[in-house]
1. Given (1) out of contact with any Phe, Trp or Tyr (no Cβ under 6 Å at 6 or more places or on another chain); (2) in a helix (DSSP H, G or I); (3) touching a residue at least 60 places away in the same chain (Cβ under 8 Å), where does residue 53 come up short, assuming only one miss?
2. Of the residues 319, 304, which is at pLDDT 95 or above, under 22 Å from residue 151 (Cβ atoms) and in a helix (DSSP H, G or I)?
3. Got a sec? Which of 92, 138, 127 is over 24 Å from residue 6 (Cα atoms) and either of a type in the set (Phe, Trp, Tyr) or surrounded by fewer than 20 Cβ atoms within 10 Å (Cβ to Cβ) (or both)?
4. Only one of 102, 123, 111 is among the charged types (D, E, K, R) and more than 19 Å from residue 251 (Cβ to Cβ); which?
5. I'd like to know if the range 80-97 contains one or more residues that are touching a Ser or Thr at 6+ places or on another chain (Cβ under 6 Å), over 28 Å from residue 37 (Cβ atoms) and in contact (Cβ under 8 Å) with a residue 60 or more places away in the chain.
6. Do you know which residues across the range 23-42 are surrounded by 12 or more Cβ atoms within 10 Å (Cβ to Cβ) and either in contact with a helix residue (DSSP H, G or I) (Cβ under 7 Å, 6 or more places away or on another chain) or at positive phi (or both)?
7. Out of the residues in the range 35-76 that are within 23 Å of the chain's Cα centre (by Cα) and of a type in the set (S, T, N, Q), state the one that is nearest to residue 16 (Cα to Cα).
Amino acid sequence: MKFIFNLRTLNAPLSGVQRYARELDTRFGKNVIRVTLAKQAQGIIGHCWEQFILPLRCRDQLLFSPGNTGPLLHRQQVVTIHDAATFDQRDAFTGLFGHWYRWLLPRLARRSLGVITVSHFSRVRLAAALDIPVGKIAVVYNGITQPPVSPGATALAATRSKFNLPKRFLLFVGSHDPRKNVARLLAAFGAADLGDLHLVLAGGSNRQLFNAALPAVFAGRVQRLGQVTDPDLEALYALAEGFIFPSLYEGFGLPPLEAMARGCPVLCSDASCLPEVCGPAFELGGACLYFSPHDTASITHALTTFASLPTKSRERMITAGRKQSNRYSWDRCAQETTEALRHFAAQSVSVAITASADRSL
């Protein structure tokens, strides 16, 4: 179907929202009209372009805005709002940014034809936060980036040498946003009896600064890599004994699924959407060892349990994880997004015809 695709979000640094827009962009056909602005025009300039210039480009055409924001002046629009974090996690969204989003999103959702979000958890939370009917929100799960060819022995050895990695380690991938819960993960790791199992943290801020701030108890046991390249990340998944994700709040939660797809056993928070997306617990035949991210003792217990699992149990986690991750693909996401756009557009036409008939009577 033909529509205008608002790609302003691709001007921001790469995160889950930008990856979502990029993956859809590669799958939408030639009928889609892609619009954006100069890459240097971010922040308030980007918002002004989106609110005042973009509507002039759209006229009466359908607009799809995939990055949590869109122009209030254009009603023929479907917007993807990935989660309700700006409302549910207010302490993490302070200042002008938080106030702007909390002002904008309810008005945008009410004026748009419909909203797409990425989990049923987010659907329920957004309906409450934005004060719109649940029926106005469609759930379309994200896809995941499937692994390329597994790194060979040479690549694995190069990554191990590059970062001077320990022989045995658990991997965390993410920023040091407070919602990612790294501080509690460190406290739990320090309390767990894990033998020679280390913890490696990838992503986020400068690793020298982070390592300098680590308490002495973690010396030699916790390693902070900072940002890593995609090939190094693939090698880290292959080298790690397990992946741990202690997040307090997610709209979807890509990292644990990507770890599953790469055969890395997952220890995961049981908060927000994560059990919905990552599937049943290991104890019930699923892939994940779940824990409460709000309870250091719960994380410690999960770490200790994983460290003592026999090889066959870890193999069960890997098999179940690959099966769970196969449920999600970007091709399916693009197809279901197009279907949601078509549904909201048709619904709008139906409402307009009904209103016109009522007036004629």
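The values are calculated or read from the model by the stated rules, or taken from the named source; none is laboratory data. For clarity, every value in this text was computed on a predicted model and none was experimentally measured. Don't worry about glycine lacking a Cβ; one is built from the backbone with ideal geometry, like all the others, and counts go over all protein chains shown.
1. (3)
2. The match here is 319.
3. Selected residue: 92, the only one of 92, 138, 127 that is over 24 Å from residue 6 (Cα atoms) and either of a type in the set (Phe, Trp, Tyr) or surrounded by fewer than 20 Cβ atoms within 10 Å (Cβ to Cβ) (or both).
4. Going through 102, 123, 111 in turn, just one is among the charged types (D, E, K, R) and more than 19 Å from residue 251 (Cβ to Cβ): 111.
5. Within the range 80-97, not a single residue is touching a Ser or Thr at 6+ places or on another chain (Cβ under 6 Å), over 28 Å from residue 37 (Cβ atoms) and in contact (Cβ under 8 Å) with a residue 60 or more places away in the chain.
6. Taking the range 23-42 and keeping what is surrounded by 12 or more Cβ atoms within 10 Å (Cβ to Cβ), we get 23-25, 27-28, 32-33, 35-37, 41-42.
Scanning the range 23-42 gives 23, 24, 27, 28, 35, 36, 37, 41, 42.
7. The selected residue is 68.
Yes/no per residue for (1) touching an Asp or Glu at 6+ places or on another chain (Cβ under 7 Å); (2) in a helix (DSSP H, G or I); (3) at pLDDT below 90:
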{"residue": "172", "(1), (2), (3)": "no, no, no"}
{"residue": "187", "(1), (2), (3)": "no, yes, no"}
{"residue": "190", "(1), (2), (3)": "no, yes, no"}
{"residue": "196", "(1), (2), (3)": "no, no, no"}
{"residue": "199", "(1), (2), (3)": "no, no, no"}
{"residue": "205", "(1), (2), (3)": "no, no, yes"}
{"residue": "211", "(1), (2), (3)": "no, yes, yes"}
{"residue": "224", "(1), (2), (3)": "no, no, no"}
